[in-house]
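Visitor: Here it is, the structure in full.
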Amino acid sequence: MSENKEIKPQEEVLTAEDVKELQPIYANVILALKQVYDPEIPVNIYDLGLIYEINVNKKHEVSILMTFTAPNCPMAEEVVMDVRNNVEDVPGVTSCEIELTFDPVWDRSMLSEEARVELGLDAEE
């Protein structure tokens, strides 16, 4: 008798076909994240480098590992709610789970080139 072991989303192995099928959802999740802005900095959370990891499984469940620019962000709950709502509005997404982390701690090196330009920062900063 063989064991029917359930695979958790983070342990799920995707085939090349799975990746090809999920790629449009993944791309649309990124677009959805770019619609959420940090309340104190006029840059979206994706370009700020606040999104550490995005996973989409075969059931089209999305899990996101993210951070904030500061651990005591007073608007954290609202931002997390915006992330969840925007991602769950992506066609094909069945759910969105968000995990917060402060390891590694966010710093300016995580800014995208677009964010640096928008904030008027030099590449060396």
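Visitor: Would you check if there is a residue in the range 88-96 being small (Gly, Ala, Ser) and closer than 15 Å to Asn55 by Cβ?
Guide: Restricting attention to the range 88-96, the residues satisfying the condition of being small (Gly, Ala, Ser) are 92, 95.
If we keep only those that are closer than 15 Å to Asn55 by Cβ as well, we get 92, 95.
The answer is yes, given that some residue of the range 88-96 is small (Gly, Ala, Ser) and closer than 15 Å to Asn55 by Cβ.
Visitor: Among the residues of the range 33-45, are any at pLDDT 95 or above and either more than 26 Å from Asp122 (Cα to Cα) or part of a helix (DSSP H, G or I) (or both)?
Guide: Yes.
Visitor: When you scan the range 46-68, do you find a residue that is surrounded by fewer than 13 Cβ atoms within 10 Å (Cβ to Cβ) and modelled with pLDDT under 90, even just one?
Guide: no
Visitor: Okay, moving on. Consider Pro42 carefully, then state whether it is on the phi < 0 side of the Ramachandran plot, touching an Asp or Glu at 6+ places or on another chain (Cβ under 8 Å) and loosely packed, with under 13 Cβ neighbours inside 10 Å. Can you show your working first?
Guide: Values: on the phi < 0 side of the Ramachandran plot: yes; touching an Asp or Glu at 6+ places or on another chain (Cβ under 8 Å): yes; loosely packed, with under 13 Cβ neighbours inside 10 Å: yes.
Here the answer is yes, as Pro42 does meet what is asked.
The values are calculated or read from the model by the stated rules, or taken from the named source; none is laboratory data. Keep in mind the model is a prediction, meaning the values are calculated, not measured. Counting neighbours? That spans all protein chains shown, and the Cβs are built from the backbone with ideal geometry, glycine included.
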